[in-house]
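K.L.:
Before I ask anything, let me first share the structure, which is written out below as structure tokens.
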Amino acid sequence: MGIKINEIPTEGLTLELARNVDLFDQGRSATTFTAALSIRPVGGGVFHFTGSLQATAEIECSRCLTRFPQVVVAEINFNLAPAKVINEEAEHELERAELDTEFYQGEEIDPDAIIKEQILLALPMVPLHSPDCKGLCPVCGTDRNLAECGCETEGWGKAGAFSVLRDIFRK
Ligand SMILES: [Zn+2]
Ligand SMILES: [Zn+2]
């Protein structure tokens, strides 16, 4: 549900959110989050967002592809500016603040979309369901956390670059 920007009071407002979001647009809201969000107008249609969020995101292990819950805790501190032309005052404020700037379009701000973006930014680049995940066998695809397939993977050892590439292509 959006917040109309012309209804945000000059002293700002604070939101307490506790919701489920569909983090990867998979048709199910598998990620739960709570967030305390403070929105303060700084002029020229720019809003300063501060606060914190905690989420449990269901993501995929980059080695064995198991789905697992990843806890994410993040501080929120950025400016939200209109995607359209911003005036000089606002531009000055953005430069002075030296904060990350996100952009919005139209007359409404969607806090859920904003939190979703922040959760995605806070997720690990290479998620692992466990730090010592053994991954899938490069030969037969067996999950080596569950079973020893006994495949000869000597030759694959020196092809480390290959497995890195494979990880990239999975993304
Ligand atoms: Zn794993
Ligand atoms: Zn195997």
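Derivation of every value follows stated rules applied to the coordinates shown; laboratory data play no part. Please read all numbers here as calculations on a predicted model, not as lab measurements. Glycine also receives a Cβ, built like all others from the backbone with ideal geometry; neighbour counts cover every protein chain displayed.
K.L.:
Go through the stretch 6-73 and name the trypsin sites (Lys or Arg not before Pro) that are in a DSSP coil and have 15 or fewer other Cβ atoms within 10 Å of their Cβ. Each step should come with its number before you reach the end.
P.N.:
Numbers: sites: ARG19, ARG28, ARG63, ARG67; in loops: ARG28, ARG63.
Sites meeting the loop and neighbour criteria: ARG28.
K.L.:
Follow-up. Alpha carbons only, please: Rg and Dmax for the chain, in angstrom.
P.N.:
21.3, 67
K.L.:
List every residue whose amide H lies under 5 Å from the amide H of ILE3, counting only residues 5 or more places away in sequence or on a different chain, with H placed 1.01 Å from N in the peptide plane.
P.N.:
Amide H neighbours of ILE3, under 5 Å, 5+ apart: ILE109, ASP110.
K.L.:
Once you list every other residue whose beta carbon is under 13 Å from the beta carbon of LYS134, what net charge do they have if Lys and Arg are +1 and Asp and Glu are -1?
P.N.:
Details: positive: ARG63, ARG144; negative: ASP132, ASP143, GLU148.
Residues near LYS134 contribute -1 overall.
K.L.:
Quick one: Cα centre-to-centre distance for the stretch 22-39 and the stretch 108-125, in angstrom?
P.N.:
Here the two parts' Cα centres lie 7 Å apart.
K.L.:
Placing unit charges on C-beta atoms (Lys and Arg positive, Asp and Glu negative, everything else neutral), compute the dipole magnitude of the chain about its Cα centre in debye, rounded to 20. Numbers along the way, then the final one.
P.N.:
Working: 15 positive and 27 negative charges, 175 e Å.
Result for the chain is approximately 840 debye, rounded to the nearest 20.
K.L.:
Just add up the charged neighbours of SER38: K/R +1, D/E -1, any other residue whose Cβ is under 14 Å from the Cβ of SER38.
P.N.:
Net of charged neighbours comes to -2.
K.L.:
With everything on Cα atoms, drop me the angle between helix 88-97 and the longest principal axis of the chain, reported from 0 to 90° to the nearest 10.
P.N.:
Tilt of helix 88-97: around 50 degrees.
K.L.:
Can you give the net charge of the other residues whose Cβ lies under 11 Å from the Cβ of GLU108, counting K and R as +1 and D and E as -1?
P.N.:
Values: positive: LYS4; negative: GLU7, GLU107, ASP110.
Result for the local shell: -2.
K.L.:
For a quick check: with amide H placed at 1.01 Å from N, whose amide H comes under 5 Å from SER62's, ignoring anything fewer than 5 positions away on the same chain?
P.N.:
LEU128, HIS129
K.L.:
Under 16 Å from a point 7 Å along the Cα-to-Cβ line of LEU13: which residues of the stretch 91-128 have their amide N that close?
P.N.:
Under 16 Å, as judged by backbone N against the label point of LEU13, lie 107-115 of the stretch 91-128.
K.L.:
With θ taken as phi - 60° and the coefficients 6.51, -1.76 and 1.60, list the Karplus ³J(HN,Hα) couplings across the stretch 118-130 in order, rounded to whole Hz; mark glycine and proline as x.
P.N.:
Per-residue couplings from phi come out as 5, 5, 4, 5, 8, 5, x, 5, 10, x, 10, 5, 8 Hz.
K.L.:
What are the ³J(HN,Hα) values, in whole Hz, obtained from phi via the Karplus relation 6.51 cos²θ - 1.76 cosθ + 1.60 with θ = phi - 60°, for each residue of the stretch 71-83 in sequence order, with x given for Gly and Pro?
P.N.:
Taking θ as phi minus 60°, the curve returns 7, 10, 10, 9, 8, 10, 6, 7, 9, 10, 10, x, 5 Hz for the stretch 71-83.
K.L.:
Now, a different point. Give me ASP132, ASP143 sorted ascending by neighbouring Cβ count inside 10 Å, so fewest comes first.
P.N.:
Values: ASP132 7, ASP143 17.
Fewest-to-most Cβ neighbours within 10 Å comes out as ASP132, ASP143.
K.L.:
Using the charge dipole of the chain (Lys, Arg: +1 at Cβ; Asp, Glu: -1 at Cβ; taken about the Cα centre), state which of LEU17, ALA147, PRO124 has its Cα farthest towards the positive end.
P.N.:
The residue sitting most towards the positive pole is ALA147.
K.L.:
Right, something else. Can you order the peptides 5-14, 100-109 by their average number of other Cβ atoms within 10 Å per residue, highest first? Intermediate results must be reported in sequence, preceding the final value.
P.N.:
Values: 5-14: 11.2, 100-109: 13.6.
Ranked by mean Cβ neighbours within 10 Å, highest first: 100-109, 5-14.
K.L.:
In addition: Kindly write out, for the stretch 12-25 in residue order, the coupling ³J(HN,Hα) from the Karplus curve 6.51 cos²θ - 1.76 cosθ + 1.60 (θ = phi - 60°), rounded to whole Hz, with x marking Gly and Pro.
P.N.:
For the stretch 12-25, the Karplus curve yields x, 8, 10, 10, 10, 10, 9, 9, 10, 10, 8, 4, 10, 6 Hz.
K.L.:
Let me ask another. Before anything else, pin down the relative contact order of the chain: Cα pairs under 8 Å, at least 6 apart, normalised by residue count, whole percent.
P.N.:
Working: 281 pairs, mean separation 32.3, N = 171.
Normalised by residue count, the contact order of the chain is 19 percent.
K.L.:
Full-extension gain between LYS84 and ILE3, please, as 0.36 nm times their residue separation minus the C-alpha to C-alpha distance. Mind showing how you got there, number by number?
P.N.:
Details: separation 81, 0.36 × 81 = 29.16 nm, distance 1.81 nm.
Working it through step by step, the gained length comes to 27.3 nm.
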